[in-house]
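Asks: What follows is a structure written as structure tokens; I'll ask about it next.
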Amino acid sequence: MAGLGATIEELKKVSEFRAIVGKIYPKPDEKLLMWLRARDLDLVKAEKMLRRHLLWRRNNEIEELQQWRSPKVFFPYVHIGFDKESSPVYLMPIGRWDIRSVIELGDIVPAVRFIYQTLEHIISSTNSKGIYQGTVICDFDGFGYRQIAHRSVLQGMLDILLVFEANYPEVLKVAYVINAPRTFNYLFTLAKPLMNSRTLGKVQIFGPNRQKWQEVLLKYIDADQIPRFWGGTKPGRDEFCSDDWFLEPLPPNYFRRKDSCFDEYGEEWSTIKVPARDKIRFDYVVKPGEDSILKWEFKTEGYDIGFSIYYGDEEYYPVKYQRVNSHLQNHHGFFNADRPGNYTVEFDNTYSRTRAKTLNCSIGLCRISPPDFNFNEISLNEADT
């Protein structure tokens, strides 16, 4: 078990564990060690965890997934190569996975089976080569409020994390989260209590600073193992190596975003003109029983603009009117829209007689119930310190 760096104490525990579970789980020592490490070498807790796993496999017909054919590739991924220690490296473009559409179209059952099949495929293919841990690059570029604002998306992602922690212990060598947007703060805050300390210690998080995360990736993974789109030199039919993706090649421009404006954190923005002597408005409806956050960020080109948010027929103003110097710095904020009804975001250019204003904005109504935390409390460059 040199690849897992087993200690003398761990080797002894593995021998004891095999005497307890060997008949129901006749797997190599490396597999037994993973369950033990997940429970800090506690034989009783490790046995309980393993038995629950075997029951989960039976209830979810995991063994039959080898013959199952998914109706489509829900969440594409690729085995891009190996790191400098010969561990496999997988790239997951999570920011481009449209999880919300999968849920809204009613495809959640086959999508979950697809995820289980993916995990089984990765683990069985690596285990057959005597490798028991792998590296994952999770690219969150493009993951915005549209995904995180949907309760079922959040719950689904957290449920999958729970399944992973309970049934695939210690298969993760290291996870590099790159291009993490602001919305990742919220997701990671919810996910942290579900992850054990060993898993948390393997996660390295980077924001959109490409130079920083590329330096770390190239430190542990050779450039010829990484597609050019992520800073490597790996050859392929295009810079994404789209011919290597799981089950079928991706479209050549899968990772190129067009006809939209994106900020440095990967959030999608709209660009509009506010005519002289005019206003533009965005309406957002909060239904009874919904806990919602209305967030905004905007900037203008060259000149200021009037800004306010009011409720109903100007019944009250959560954000009172002000002239904002958004041409000098971005203006952003959020508040809890806890009253059901219509909220109107208004940009006012009526005071300008001749000059239209170019407005770049990102506005969204997040139908979630936020816990008590600061959206900026998590450093997106933890790995740099």
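Only the coordinates and a few stated rules stand behind these numbers; no lab work does. Predicted model only: the values in this text are computed from it and were never measured. FYI the Cβ positions are ideal-geometry reconstructions off the backbone, even for glycines, and counts take in every protein chain you see.
Asks: May I ask for the angle, rounded to the nearest 10°, between helix 151-167 and the longest principal axis of the chain, with both axes built from Cα atoms and the value confined to 0 to 90°?
Replies: Once rounded, the angle reads 20 degrees.
Asks: Quick one: divide the alpha-carbon radius of gyration of region 60-258 by 2.2 N^0.38 Å and tell me what you get. Show your work: numbers first, answer last.
Replies: On the way: Rg = 16.2 Å, N = 199, 2.2 N^0.38 = 16.4 Å.
Here the answer is 0.99, to two decimals.
Asks: Starting from the amide H of Asp83, placed 1.01 Å from N in the peptide plane, find each other amide H under 5 Å away whose residue is 5 or more places distant or on another chain.
Replies: For Asp83, whose amide H was placed from the backbone, the distant partners under 5 Å are Val89.
Asks: May I pose another question? Return the Cα extents of the chain along principal axes one, two and three, sorted largest first, each rounded to a whole Å.
Replies: That works out to 83, 48, 43 Å along the principal axes.
Asks: Roughly how tilted is helix 29-38, in degrees to the nearest 10 and between 0 and 90, from the longest Cα axis of the chain?
Replies: Approximately 50 degrees, to the nearest 10.
Asks: Given the DSSP H assignment, sum -39500 (n - 2.57) over each helix run of at least 4 residues in the chain and divide by its residue total; what's the result at 222 nm in deg cm²/dmol, nearest 500? Don't skip to the answer; put the middle values down first.
Replies: Details: 10 runs with 112 residues, N = 385.
Only helices count here, giving -9000 deg cm²/dmol.
Asks: Which percent of Cα pairs goes in each bin when the distances of region 268-366 are cut into 5 angstrom slices starting at zero?
Replies: Spelled out bin by bin, region 268-366 gives 3, 13, 25, 24, 17, 11, 5, 2, 0 percent.
Asks: Separate question: So if we plug the beta-carbon distance of Asp283 and Lys27 into 1/(1 + (r/R0)^6) with R0 = 51 Å, what FRET efficiency do we get, rounded to 0.05? Walk me through the numbers on the way to the answer.
Replies: Details: r = 58 Å, r/R0 = 1.13.
With a Förster radius of 51 Å, E is 0.30.
Asks: Work out the FRET efficiency for Asn59 and Ser197 from their Cβ-Cβ distance, taking R0 = 35 Å, and round it to the nearest 0.05. Each step should come with its number before you reach the end.
Replies: Numbers: r = 28 Å, r/R0 = 0.81.
For Asn59 and Ser197, the calculated efficiency is 0.80.
Asks: Order these by the 10 Å Cβ neighbour count, fewest first: Phe164, Phe335.
Replies: Ordered by Cβ neighbours within 10 Å, fewest first: Phe335, Phe164.
Asks: Another question about this same structure. DSSP beta bridges in region 76-147, what fraction antiparallel, as a percent rounded to 5? Don't skip to the end; give the middle numbers.
Replies: Values: 4 of 8 bridges.
In region 76-147, approximately 50 percent of DSSP beta bridges are antiparallel ones.
Asks: Report the gain in length on full extension from Thr358 to Asn342: 0.36 nm times residue separation, minus Cα-Cα distance, nm rounded to one decimal. Kindly include the intermediate steps, with their values, before the conclusion.
Replies: Values: separation 16, 0.36 × 16 = 5.76 nm, distance 2.57 nm.
This chain segment gains 3.2 nm when fully extended.
Asks: Assuming R0 = 22 Å, what is the FRET efficiency of Arg52 and Arg18, from their Cβ-Cβ distance, to the nearest 0.05?
Replies: On the way: r = 19 Å, r/R0 = 0.85.
E between Arg52 and Arg18, to the nearest 0.05, is 0.75.
Asks: Can I ask one more? How big is region 131-208 on each of its three principal axes, counting only the C-alpha atoms and giving the largest first in Å?
Replies: Dimensions of region 131-208 along the principal axes of its Cα atoms: 37, 26, 19 Å.
Asks: For region 54-63, take each phi angle, set θ = phi - 60°, evaluate the Karplus expression 6.51 cos²θ - 1.76 cosθ + 1.60, and give the result in whole Hz per residue in order, putting x for glycine and proline.
Replies: Taking θ as phi minus 60°, the curve returns 5, 5, 4, 4, 5, 5, 9, 6, 5, 5 Hz for region 54-63.
Asks: Just to be sure I understand the model, the point goes 7 Å from the Cα along the line to the Cβ. What's the resulting Ser70 to Ser125 distance in nm?
Replies: 1.2 nm
Asks: Shifting gears a bit: Just subtract the alpha-carbon distance of Tyr168 and Asp40 from 0.36 nm times their residue separation and send over the number in nm, one decimal.
Replies: Values: separation 128, 0.36 × 128 = 46.08 nm, distance 1.53 nm.
Extra length from Tyr168 to Asp40 when fully extended: 44.6 nm.
Asks: Could you list which residues have their amide H under 5 Å from that of Val203, counting only those 5 or more apart in sequence or on another chain, with H placed in the peptide plane?
Replies: Under 5 Å from the amide H of Val203: Ala175.
Asks: If the chain between Val109 and Thr233 were fully stretched, how many nm would it gain, using 0.36 nm times the residue separation less the Cα-Cα distance? Don't skip to the end; give the middle numbers.
Replies: Working: separation 124, 0.36 × 124 = 44.64 nm, distance 3.74 nm.
Answer, rounded to one decimal: 40.9 nm.
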